[in-house]
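As structure tokens, the structure follows; a few thoughts come after it.
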Amino acid sequence: MSGSGSRVRSIDPATLPKHFDPAEAAARWGEAWEKAGVYAWDPQGTREETFVIDTPPPTASGSLHMGHIFSYVHTDIIARQRRMLGLNVFYPLGWDDNGLPTERRVQDYFHVRCDPTVPYDPDLQVEPATAKIRKGRARLVSRENFIALCDQVTVMDEEAFRDLWRRAALSVDWSLEYATIDDHCRRLAQLSFLDLFAKGHVYNTYAPTMWDVDFQTAVAQAEVEDRDLPGAYHRIEFGVEDSERSFTIATTRPELLAACVGVTAHPEDERYRDIFGKRAVTPLFRVPVPVFPSEMADPEKGTGILMVCTFGDATDVIWWREEGLELRQLVGKNGRLAEVTFGEEGFESLDPEAANRFYAEISGKTVKQAQKRMVELLGDPDGSATGNGAPLRADPEAIQHPVKFYERGERPLEYVPTRQWFVRLLDKKQELLAKGAEVKWHPPFMHARYADWTEKLSLDWCVSRQRYFGVAIPVWYPLDGDGNPDHERPILADAASLPIDPMSTPAPGYEESQRDKPGGFTGEADIFDTWFTSSLTPQIGSHWTLDPDRHARLFPTDMRPQAHEIIRTWAFYTIAKAMLHEDAIPWKHAVVSGWILDPDRKKMSKSLGNVETPLPWIEKYGADACRYWSGSARVGVDTAFDEKVLKIGKRLVTKIFNAGKFVLAQEAETHPVSAELDRAFVAELRALVERATAAFDEFQFAQALQETETFFWTRFTDTFLELAKGRARGDAADAAAQGSAVAALRLGLSVLLRLFAPTMPAITEEVWSWAFADETGEPSIHRAPWPSAADFDGIAGPDEAASLERAVAAWTAINKAKADAEVSSGREVESLTLAASADTLAGLAPVLSDVLAAARVHGHTLREDPTLEADAFRVEDAHFVERS
RNA sequence: AGGCACGUAGCUCAGUGGCUAGAGCGCCGCCUUGACACGGCGGAGGUCGGCGGUUCAAUCCCGCCCGUGCCUACCA
């Protein structure tokens with residue numbers, strides 16, 4: 001165990017810059033990492049040695065904020081730690097660019113609207129819209145041109161995101177980049193549809209569906225949100241056919257009176273029992289409608305009796321279906337009241353002439369306009385069905401009530417009967433719940449969000465959208481002799497032909513010339529819900545059905561990072577897809593990040609105007625400091641944005657830089673760790689590694705960081721380093737003692753750098769490169785082995801576990817004496833007396849010289865004082881050297 | 001209205017059935033020290049949201065309440 005004359009010294013501090021420049025280092029290392037392929041996934045790795053991340057594909061809508069940094073850095077920290085564990089990390093990044101967010105951004109950016117009836121213009125050039133252009137009417141462009149503009153904008157937006165990810169030092173493997181609109185993803189999504197069709201999990205049907213009148217598309221349950229809006233109960237008197245009887249219903253949607261197809265009340269409601277089975281007569285339109293009892297009617301609400309319309313709400317749809325009521329659809333796809341004629345089939349009236357006169361007043365109006373006019377009309381006694389005067393029996397009673405909106409929409413959803421494709425899920429709730437329970441959620445309570453949503457699911461998944469920028473549904477329909485499509489017998493695309501667009505490719509067995517001709521075919525114009533594609537991200541990465549070998553290596557994935565507000569969409573649909581396709585779970589762990597809140601604890605979002613854009617912060621504090629901020633927030637916990645944390649991160653980076661500089665500048669003979677103080681430090685270090693590793697195993701990166709950071713400051717730089725400093729510099733004559741100190745300091749630095757590396761990749765790589773890269777043969781710390789027992793091989797434990805603690809206590813006591821005397825803690829001490837219990841003094845002996853050196857004490861006396869508690873020290877009779 | 005989470009120092013957050021409840025920032029005092037003034041040392045500051053209960057012992061477990069946030073439900 002001799003140094004045999006070999007010496008260590010790695011750097012001359014004079015050659016290093018005084019301060020660390022994070023921006024310069026980040027740029028330099030970013031380039032080096034990419035060049036060296038540090039983050040490359042090895043396609044030959046087995047499933048066991050591979051760690052697969054199902055990265056969320058961001059919507060590159062052009063708005064970047066700290067929330068993006070926050071959650072993606074969480075994932076990156078895990079990725080880097082798993083890579084250091086020796087795992088073959090599969091860490092792709094995709095872009096979820098299809099769907100409405102992109103369409104909306106394109107509409108705004110160019111001030112255009114898609115109109116499928118406009119012919120394609122191959123030479124179309126559109127400049128970004130100016131404020132002046134936006135004042136005019138939007139330019140109408142063809143479907144093909146619109147899609148091309150979407151492609152153009154997504155490429156541009158993705159560049160901004162890609163730059164941010166690089167600046168944040170995300171260790172993604174860019175060779176695995178994909179976009180949900182690219183050929184591979186379109187192919188996968190269409191293959192998914194074919195598989196679901198073959199297994200009987202999809203169907204198309206004509207039914208009332210939630211419809212956004214602005215975007216003019218169907219939407220799924222998961223995309224619907226309630227908003228509290230002011231409304232009003234309108235009390236309207238109805239008559240009863242062949243009777244003097246009348247009753248008053250209460251409704252918030254008087255504009256749908258002409259769509260009334262029934263009246264209902266609770267079966268036990270004494271007030272209305274006599275008219276069940278009779279026909280009520282609506283005012284104004286004089287339409288007879290059945291009165292029926294229903295358990296769903298609440299006697300406490302309104303007047304206890306209500307009109308059923310096609311369609312005012314979800315309950316109307318149920319009544320309509322269960323009671324087999326007429327369909328009188330008034331609200332059209334554009335949100336305006338359709339033109340109808342009373343007296344014709346489906347719109348029977350006891351007085352068609354009056355009905356049509358009244359209806360003419362609201363026909364073609366928007367729902368809102370129609371309501372206003374309707375209230376006026378209801379004030380007209382001529383409209384009464386009973387002869388009791390104006391049908392509106394009271395002033396409207398203002399209420400506040402929840403109204404369903406498409407989450408991105410501006411006007412309430414309407415139920416409009418349309419033909420849509422659905423994935424059948426309602427009959428599989430139990431299986432979906434079982435699959436959700438198989439996934440390990442972090443934090444565990446996030447599982448409740450999934451289970452809650454799944455249990456309360458009330459509609460199958462509507463996957464068709466009447467939009468343009470997205471993945472086409474790969475079907476056609478044969479046309480009969482009259483040109484009517486047969487939706488019951490869709491023609492499916494051949495799997496080998498995917499991806500295809502049925503609007504530009506003819507159906508198999510047909511010629512393009514037969515498109516939309518009687519006896520020919522028609523293409524499905526709808527596209528898929530964007531979640532239909534993004535729910536396949538695990539399979540997109542694994543090349544499901546296309547490359548079985550790769551699929552076996554990558555599916556199911558290990559980790560799905562995501563935000564909690566999209567558990568009901570992305571997480572739910574991904575679980576559903578994996579189950580329907582392969583009866584599998586898509587990932588073993590779902591790691592759910594919290595939100596970034598502004599200092600007022602409001603969610604940071606574009607619509608609230610409280611977003612912090614990340615680039616200025618990266619420039620001010622450096623990527624490592626921003627990552628430190630992200631990495632200090634625990635999984636699943638909402639976190640307020642706080643600049644103070646960035647400052648702390650930057651301070652830590654500086655401290656690592658300086659500590660590294662000091663440790664690696666020490667020159668000594670090579671010796672093993674042998675001194676008591678050093679062994680005590682190494683024992684603590686070993687325990688730290690165990691705690692940090694255990695935390696990472698459970699995806700608790702914040703805990704690992706906090707443990708490491710606390711240890712770094714309080715056990716390493718502020719204490720051990722200070723206590724061992726003198727010996728390391730060679731103040732003691734003993735070369736072995738000096739070598740031990742240097743070896744322990746270097747081991748401490750090496751281990752701490754590696755523990756910090758996942759969170760702060762640039763500074764740790766920088767310091768690593770000064771010495772350890774060559775020594776270990778690991779050119780990048782990000783491929784270096786994660787600290788483990790192997791790092792401490794051959795180092796004996798301390799004689800007493802508390803040696804370091806005791807040394808610190810004695811040193812602190814001397815420092816306090818200096819503080820009390822208002823002298824610098826660096827002041828030399830001529831002499832002092834150190835009092836402590838006999839046992840404590842005995843325990844201090846092996847580390848005493850380090851304490852005295854650190855405190856710069858020249859002469860000392862030890863005094864036994866049995867009144868002092870264990871490991872308590874008192875400094876007496878201190879005489880300080882006068883400053884020269 | 002149900003469910004979930006949260007409520008700890010001025011601020012941002014850790015933490016645990018048991019010594020005297022912690023960190024950083026901020027504040028006060030001292031120290032230009034030899035890796036680091038982008039630093040060091042010392043200090044003040046808390047009825048751990050409230051009320052009950054279980055326990056030898058509760059900030060932690062249980063119940064109720066108050067407050068905050070989120071998810072879900074609620075269009076007559």
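Fewest neighbouring Cβ atoms within 10 Å first, the residues A:873, A:247, A:146 line up as A:247, A:873, A:146. Axis angle, to the nearest 10 degrees, between helix A:761-770 and the longest C-alpha principal axis of chain A: 30 degrees. Working note: 222 nm ellipticity from helices only, DSSP H runs with n ≥ 4, each -39,500 (n - 2.57), summed and divided by the residues of chain A, gives -11500 deg cm²/dmol to the nearest 500.
Scalar couplings 3J(HN,Hα) for the range A:623-639, obtained by applying the Karplus form with A = 6.51, B = -1.76, C = 1.60 to θ = phi - 60°, are 5, 4, 5, 5, 5, 4, 4, 4, x, 8, 8, 5, 4, x, 9, 5, 9 Hz; x denotes Gly and Pro.
By how many degrees, 0 to 90 and rounded to 10, does the Cα axis of helix A:183-198 deviate from the longest principal axis of chain A? Result, in degrees: 60. Specify whether the C-alpha gyration tensor of the range A:352-397 places it in the rounded, prolate or oblate class, a ≥ b ≥ c being the square roots of the eigenvalues: rounded for a/c under 1.5, otherwise prolate if a/b is larger than b/c and oblate if not. Judged from the Cα gyration tensor, the range A:352-397 comes out oblate (a/c at least 1.5, b/c at or above a/b). For the range A:372-502, a/c is not less than 1.5, where a ≥ b ≥ c are the root eigenvalues of the C-alpha gyration tensor, and a/b does not top b/c. That puts it in the oblate class. Of the peptides A:78-85, A:391-398, the ranking by mean beta-carbon count within 10 Å, highest at the top, reads A:78-85, A:391-398.
Report, to the nearest 10°, how far helix A:367-377 tilts away from the longest principal axis of the Cα atoms in chain A, using its own Cα long axis and a range of 0 to 90°. So the inclination is approximately 40 degrees.
What's the ranking of A:799-805, A:127-133, A:746-752, A:215-221 by average number of surrounding C-beta atoms within 10 Å, highest first? Don't jump to the answer; show the numbers that get you there.
Details: A:799-805: 17.3, A:127-133: 10.7, A:746-752: 23.7, A:215-221: 21.6.
Peptide ranking by packing, descending: A:746-752, A:215-221, A:799-805, A:127-133.
Rounded to the nearest Hz, the phi-derived 3J(HN,Hα) couplings of the range A:469-480 under the Karplus curve 6.51 cos²θ - 1.76 cosθ + 1.60 (θ = phi - 60°) are 8, x, 8, 5, 7, x, 9, 10, 10, x, 9, 7, where x marks glycine and proline.
Sequence gap at least 6, Cα distance under 8 Å: using those rules, report the relative contact order of the range A:220-298 to the nearest whole percent.
Averaging sequence separation for qualifying contacts and normalising by length gives 28 percent for the range A:220-298.
Let me know the shape class of the range A:116-213, please: from the alpha-carbon gyration tensor, a ≥ b ≥ c as square roots of the eigenvalues, rounded when a/c is under 1.5, otherwise prolate if a/b is greater than b/c, or oblate. It is oblate, given that a/c is not under 1.5 and a/b is not larger than b/c.
Less than 5 angstrom separates the built amide H of residue A:589 from those of A:440, A:559, A:560, all sequence-distant by 5 or more or on a different chain. Each Lys or Arg adds one and each Asp or Glu subtracts one; over the other residues with Cβ under 14 Å from the Cβ of residue A:485, this totals -3. Residue exposure proxy: A:505, A:776, ordered by other Cβ atoms within 10 angstrom of their Cβ from fewest to most, comes out as A:776, A:505. Applying the Karplus relation 6.51 cos²θ - 1.76 cosθ + 1.60 with θ = phi - 60° to the range A:381-391 yields 3J(HN,Hα) values of x, 5, x, 5, 8, 10, x, 8, x, 3, x Hz, where x marks Gly and Pro.
Every number in this text was worked out from the coordinates using simple rules, so none of it is lab data. Just so it is clear, the structure is predicted and the values come from calculations on it, not from any experiment. Reconstructed Cβ throughout: ideal geometry from the backbone, glycine too, with neighbour counts over all protein chains shown.
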